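Here the structure comes first, spelled out in structure tokens, and everything after it is commentary.
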Amino acid sequence: MEKFTYLLLVLFLDFLFKDPEYLWHPVRLQGRFLAWWEARVQKRSALKLWGGLGTWGVVFFSGSIVYLLGKTSLGWFFDLYFGYAVLAFGSLFTAGLKIYNLLTKDELLARKELGFLVSRDTEKMQPEDMHKALIETLAENFNDGVVAPFFYLALGGPVLAWMYKAVSTVDSMWGYKQGYYQKLGFWGAKLDDILAYLPARISALLFYLAGFTLLKKRIVFKNFYQDAHKSESPNAGWPMAMAAHLLGVELGGKAIYFGQEKVKPVLGVAGAKPDKSKVQECLLLLVLSYVWLIFLTFLICLAGDKLF
């Protein structure tokens with residue numbers, strides 16, 4: 001159970017200390033490298049090749065640094081730190097709770113805070129649009145920032161987790177379908193689609209377990225399955241569709257990105273606009289899913305000890 005003790009400890013540290021913002025945080029270092037690389041190659045030909053080199057470069061560099069630091073006399077400390085720092089549940093939940101509390105107190109500030117979490121334009125959002133955007137980003141980022149990195153942390157330790165995190169950072173910075181990003185972010189987007197495939201479905205399962213067993217929510221699986229495949233991404237639709245059906249709300253639809261309206265597929269219950277109470281339910285769903293993640297990890301580690 002040594003592995004479970006380690007995983008439980010990093011989950012606890014993430015929930016307790018969250019993800020403090022500082023200059024030398026590993027994700028920021030990845031972002032600075034990618035911004036530096038982008039500035040130097042964005043006007044070159046064969047941009048897909050340069051994007052691939054940048055992607056594989058940050059993946060290799062991230063894994064190598066974590067591996068080498070783990071082999072030092074302070075390896076135990078670095079393994080603990082990198083295991084904690086790769087997770088983002090504490091920050092995600094805290095940000096969601098902060099916006100939830102602002103929704104009825106300071107709508108202007110709520111829009112501003114929401115703008116830090118989502119890529120869509122928030123300046124002119126109505127309350128129901130903010131509720132929808134917040135639920136969508138909480139559901140999607142539960143996979144991207146919690147389940148996926150934890151999956152690779154459990155599978156291959158901090159080295160594999162940070163190699164995945166590098167891919168995720170590339171996709172978040174370059175994974176747009178506008179302008180030169182279509183070529184620059186091609187490899188990052190493809191790799192992220194592959195690596196997030198299983199975690200996205202695990203995220204949906206965790207949501208379901210939390211919603212059904214603890215919140216007594218029921219869904220029509222046929223409708224959920226259809227909605228899960230509507231998204232352009234092969235993965236994003238899974239946690240969002242499950243959240244939409246468990247909460248009984250409509251997600252997707254119209255949104256403004258970089259000044260342009262985009263219509264996404266409707267997920268969940270068409271016409272059921274989410275209100276503030278649904279945001280509260282979503283936050284509770286996240287916490288309960290986190291508990292299920294810990295419980296299932298314990299069972300898997302226990303089974304592993306018995307078998308091996």
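The numbers here are math on the coordinates, done by the rules we state, and not lab data. Quantities reported herein were computed from a predicted structural model and do not represent experimental measurements. Reconstructed Cβ throughout: ideal geometry from the backbone, glycine too, with neighbour counts over all protein chains shown.
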Pairs only if they're at least six apart or on different chains, beta carbon under 7 angstrom, first in the stretch 1-22 and over 20 Å from L299 (Cβ atoms), second in a loop (DSSP other than H, G, I, E, B); list them, first residue then second.
-> D14/L87; D19/A88
Please list, ordered by first then second residue, the pairs with beta carbon atoms under 8 Å, 6 or more apart or interchain, first in the stretch 98-110 and farther than 16 Å from E128 by Cβ, second hydrophobic (A, V, I, L, M, F, W, C).
-> L109/L102
Which of the residues that make up the stretch 92-120 are in contact with a helix residue (DSSP H, G or I) (Cβ under 8 Å, 6 or more places away or on another chain) and not hydrophobic (A, V, I, L, M, F, W, C)?
-> G96, K98, Y100, T104, E107, R111, E113, R120
How many residues does the stretch 137-183 contain that are surrounded by fewer than 24 Cβ atoms within 10 Å (Cβ to Cβ) and among the aliphatic types (A, V, I, L, M)?
-> 6
In this structure, is V41 hydrophobic (A, V, I, L, M, F, W, C) and more than 30 Å from L286 (Cα to Cα)?
-> yes
Assigned to a helix (DSSP H, G or I) and in contact (Cβ under 8 Å) with a residue 40 or more places away in the chain: does that describe A189?
-> no
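Would you pick out the residues in the stretch 15-35 that are exposed (fewer than 10 other Cβ atoms within 10 Å of the Cβ) and assigned to a helix (DSSP H, G or I)?
The answer is L16, and nothing else.
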Somewhere in the stretch 117-127, is a residue within 14 Å of the chain's Cα centre (by Cα) and outside any loop (DSSP other than H, G, I, E, B)?
-> yes
